[in-house]
1. Charges on Cβ only, +1 for Lys and Arg, -1 for Asp and Glu, centred on the Cα centroid of the range 231-314; of PHE282, ASN237, GLY261, which one is farthest towards the dipole's positive end?
2. What's the extension gain from THR287 to MET22 if we count 0.36 nm per residue and subtract their Cα-Cα distance?
3. 7 Å from Cα along Cα→Cβ at both ARG171 and LYS56: what's the point-to-point distance in nm?
4. The range 171-230: which GluC sites (Glu not before Pro) are DSSP loop and have at most 13 other beta-carbon atoms within 10 angstrom?
5. Decide, for the range 51-208, between rounded, prolate and oblate: order the square roots of the alpha carbon gyration tensor eigenvalues as a ≥ b ≥ c, take rounded if a/c falls under 1.5, and otherwise choose prolate if a/b is larger than b/c, else oblate.
6. May I ask you to derive the relative contact order of the range 108-192, considering only C-alpha pairs under 8 Å and at least 6 residues apart, and to give it as an integer percent?
7. Taking 4 °C and 1.567 mPa s as the conditions, I'd like the Stokes-Einstein D for the range 102-177 in µm²/s, using the Kirkwood hydrodynamic radius from alpha carbon pairs.
8. If the cut-off is a Cα-Cα distance under 20 Å, which aspartates and glutamates reach LYS150, setting aside same-chain residues fewer than 8 apart in sequence?
Amino acid sequence: MVDVRFGIMGLGRGRKAAEQIMEADGAVLTCVCDLQEEKAREKGEEHGCDWTTDYKEMFARDDIDAIGVYTSSGTHCDYAIEVMQAGKHAFVTKPMDILVEKCDAAIQMAQERDKILAVDFGNRYSPENQRLKAAIDQGVIGDVILGDVKMKWWREQSYYNGGYPLAWRSRKETEGGSIANQGVHFVDLIYWLLGPVREVYGRSATKTHDIETEDMTIAQLTFESGAWGLITTTTSNYPNLGTNIEITGTEGTVRWAQGKGASNRGIEIITKDDEAVDLSQFEIEETVADIAEDMVSAISKGTPPVVSGEEGKRSVEIFCAAYASAESGGPVSIG
């Protein structure tokens, strides 16, 4: 099998992806790119690959098969489109973008150029999360009636003032807000576990930071299955309480907790017989460990990526509907 040759754009968020490429069988990190020369040089030398501060130079190379875009949220699909126009496969970090129409444009470009377009959602690669989905799909907790996501994080003002370009996290056109940036991990997770969303009612506000974006959003969801959902995201909660998810079924409940400050981190399933369910009993297909292995498999074997462009767009539809509802004061339909 010929190695898949990678480039990475954006070495803040993209540092981990670069490391995953270095560790993946069948992958070669050819070039890294960052606007900050010192960071680009440092990572290039660390990984023994080429480096540049000019992304167009990297996109134009003929010795790269796929490029990962790890830049500010509102630029992901713009760059992904350029990547595919340059004849390469593209993958982007979460969120896919902050506008649904940009996602649609990238998906269309992938179809026109016959290129792979994928989104890097780490929670989808977790075997434990995959077993949890199998348990829910097999009816272990009965029919799901409610999904409750509580992401209560803390971010200092300096978090929003920093970054490169400076203060990009504080602006609507580049970041989006707590549900679009931090919360999108869990928007995607609850969508993946419970299925498509039909309607969203949202409220958003900026409570404790000097920023354009929101730092608190509440979104009430109605799923196509008839289940309800409630997503709370904030970066104003001190101390940080991590993320806690509860999924209620007619025969039991799932408790899922992650991050610093979260209570009882891990996954727990309790059914009506008051016995904990062992997730290890649920078989899952052999899968890839991360975005690097995912792209190698997709390019060399033709397997679909874990999160395609179409799948990645779903969480964008949900948080955009929450924002639109917050502005209009009424529910917003999806689809």
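1. ASN237
2. Working it through step by step, the gained length comes to 93.5 nm.
3. 2.0
4. GLU224
5. Here the range 51-208 falls in the oblate category.
6. 21
7. 77
8. GLU128, ASP188, GLU199, GLU214, ASP215, GLU246, GLU268, GLU317
Here, each number is a calculation from the coordinates, and none is a lab measurement. Everything quoted here is computed from the prediction, not taken from an experiment. Heads up, the Cβs are rebuilt from the backbone with ideal geometry, glycines too, and the neighbour counts pull from every protein chain shown.
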